[in-house]
1. Scan (1) in contact with a helix residue (DSSP H, G or I) (Cβ under 6 Å, 6 or more places away or on another chain); (2) within 16 Å of the ligand (Cβ to nearest atom) for the single condition Val133 breaks and write down its number.
2. For the list (1) without any contact (Cβ under 8 Å) to a residue 24 or more places away in the chain; (2) in a helix (DSSP H, G or I); (3) open to solvent by 70 Å² or more (accessible area, probe 1.4 Å); (4) not hydroxyl-bearing (Ser, Thr, Tyr), I need the number of the one condition that Arg304 fails.
3. One residue is enough: does segment 53-66 have a residue meeting the conditions modelled with pLDDT under 95, within 21 Å of Val370 (Cα to Cα) and in a helix (DSSP H, G or I)?
4. Can you tell me which residue is nearest to Ile126 (Cα to Cα) among those in segment 163-209 that are among the basic types (Lys, Arg) and surrounded by fewer than 17 Cβ atoms within 10 Å (Cβ to Cβ)?
5. Out of the residues in segment 124-162 that are of a type in the set (Ser, Thr, Tyr) and open to solvent by less than 10 Å² (accessible area, probe 1.4 Å), state the one that is modelled with the highest pLDDT.
6. Specify which of the listed residues (Leu284, Leu313, Leu300) is farther than 30 Å from Pro117 by Cβ, more than 10 Å from the ligand (Cβ to nearest atom) and outside the structural domain of Ala20 (by TED's automatic domain parsing).
7. Against the conditions (1) of a type in the set (Asp, Glu); (2) buried (at least 23 other Cβ atoms within 10 Å of the Cβ); (3) part of a helix (DSSP H, G or I), where does Glu121 fall short? Just the number, please.
8. With respect to Glu337, is the statement that it is within 13 Å of the ligand (Cβ to nearest atom) and buried (at least 21 other Cβ atoms within 10 Å of the Cβ) true?
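The values are calculated or read from the model by the stated rules, or taken from the named source; none is laboratory data. These numbers come from a predicted model, not from an experiment. As a convention, Cβ positions derive from the backbone with ideal geometry for all residues, glycine included, and neighbour counts pool all protein chains shown. These accessible areas exclude ligands, DNA and RNA; they are computed on the full protein's heavy atoms, side chains included. Shrake-Rupley method; radii C 1.70, N 1.55, O 1.52, S 1.80 Å.
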Amino acid sequence: MSQLLLGCIADDFTGGTDLASTLVRGGMRTLQVVGVPDGPLPDDIDAVVIALKSRTVSCEVAVSESLKALHWLRAAGCQQFFFKYCSTFDSTPSGNIGPVADALAEALGVTFVVACPAFPENKRTIFQGHLFVGDLLLSESGMRNHPLTPMTDANLVRVLQQQTHKLVGLVAHGIVRQGVDALSLAFRDLEAQGCGYAIVDAIDDEQLYAIGHAAASHKLVTGGSGVALGLPDNFRRAGLMGEHDAASTLPYIDGLGAVVSGSCSLATNAQVDCWRKNRPSFALDPLLLANGHDQVSEALEWARDLIHAGPVLIYASAEPESVKYAQRKLGIEAAGELVESALSAVAVGLYHMGVRKLVVAGGETSGAVVKALGVRALRIGALIDPGVPWTVGLRNDPVALALKSGNFGSVDFFEKALANAP
Ligand code: ADP
């Protein structure tokens with residue numbers, strides 16, 4: 001394990017996959033593990049991403065799980081650490097981004113940390129500390145209606161400041177566009193002024209590479225996958241890593257295809273509508289599930305007849321009004337858990353029917369499905385769309401998984417993913 005260079009902690013599964021694929025593209029051989037590993041990992045890897053499900057759990061649990069992950073990564077010899085959260089900074093006023101970053105920084109003895117969720121390739125940019133989704137401020141985007149982490153303020157300095165006692169500063173566009181040296185200087189200045197964090201503007205990948213470069217000596221970096229773009233080159237520059245051109249090669253997987261969706265994000269809803277136009281689909285309803293209706297068995301019975309003719313979609317995705325209605329009736333968490341556990345049972349049922357190429361939409365949903373399938377580690381392959389690679393879930397009988405975070409992917413993503421499965 002002596003060659004492990006970068007140790008990453010992701011606050012959800014699809015976020016972990018997104019980060020891992022960025023590192024793979026940068027030539028780092030990367031393994032994503034589901035939760036803190038309980039055994040040795042293959043030794044031909046440069047980076048490990050420990051994917052937690054800590055975005056929406058209680059702050060105490062998120063902190064303690066993240067510290068456990070850090071402990072494992074340190075013991076494995078990692079030299080630098082990365083805390084990955086969502087490119088839309090998904091969190092509530094009490095956390096969990098601030099408290100987890102605080103705990104990791106303290107454990108590592110770090111006093112200044114970069115915070116940059118920008119992901120321009122997916123239209124998340126930061127300007128003057130404000131996060132944009134396309135041409136909309138975060139607070140005016142679909143994220144304002146997220147079932148678990150509604151984002152109603154686009155000013156990330158203010159959002160992060162609510163979650164930490166440390167002072168949050170800003171490295172704005174005017175500095176960022178000057179490049180690596182100006183960034184390094186700005187980081188040192190802010191630290192000298194007593195800032196514990198800097199939100200860093202970024203509107204394109206070139207700026208993210210520069211931010212990553214300027215953070216080469218930072219023990220802890222936090223952000224979206226974008227800011228990790230520059231990290232592989234840091235290790236190469238330091239002579240610690242060679243070129244690995246085949247970092248994204250996956251083994252061939254034989255089996256049926258299916259899609260499971262528990263994301264209610266705008267992009268996913270459009271993808272579900274697109275699929276339903278000419279492909280079979282089955283909708284789960286949280287209110288029926290809560291009334292003890294066995295929709296899981298119904299969906300699986302329905303799929304059993306169809307799946308050999310082509311892939312099917314089973315989904316709970318719904319428009320904001322119906323999500324809010326279900327949440328009012330059942331409670332936000334209870335509705336989420338009910339749907340996650342139903343979709344996990346559906347995924348396991350589909351696996352038993354011979355599905356080995358499974359597309360899952362939704363970060364939390366993906367976490368639940370991966371756990372239910374008993375997958376402990378994922379080999380990361382080539383990208384289907386920005387932020388979403390095919391992966392192979394390592395288990396006795398491996399399964400190919402495309403784990404899509406809510407707002408990612410083109411409108412025909414489900415079809416495209418299955419057409420390009422390993
Ligand atoms: P995203 O990546 O879009 O944020 P997630 O899977 O992370 O998607 O989160 C969506 C949450 O909404 C999950 O907890 C899911 O179980 C829940 N959910 C899905 N469908 C519904 C619905 N119809 N009503 C209420 N909650 C739902």
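1. (1)
2. Among (1) without any contact (Cβ under 8 Å) to a residue 24 or more places away in the chain; (2) in a helix (DSSP H, G or I); (3) open to solvent by 70 Å² or more (accessible area, probe 1.4 Å); (4) not hydroxyl-bearing (Ser, Thr, Tyr), Arg304 violates only (1).
3. no
4. The residue in question is Arg177.
5. Just the residues of segment 124-162 that are of a type in the set (Ser, Thr, Tyr), to begin with: 125, 139, 141, 149, 152.
Cutting the leftovers down to open to solvent by less than 10 Å² (accessible area, probe 1.4 Å) gives us 141, 149.
Numbers: Ser141: 95, Thr149: 92.
Filtering first and then ranking leaves Ser141.
6. Leu300
7. Only one criterion is unmet by Glu121, namely (2).
8. Judged against the criteria, Glu337 is not a match.
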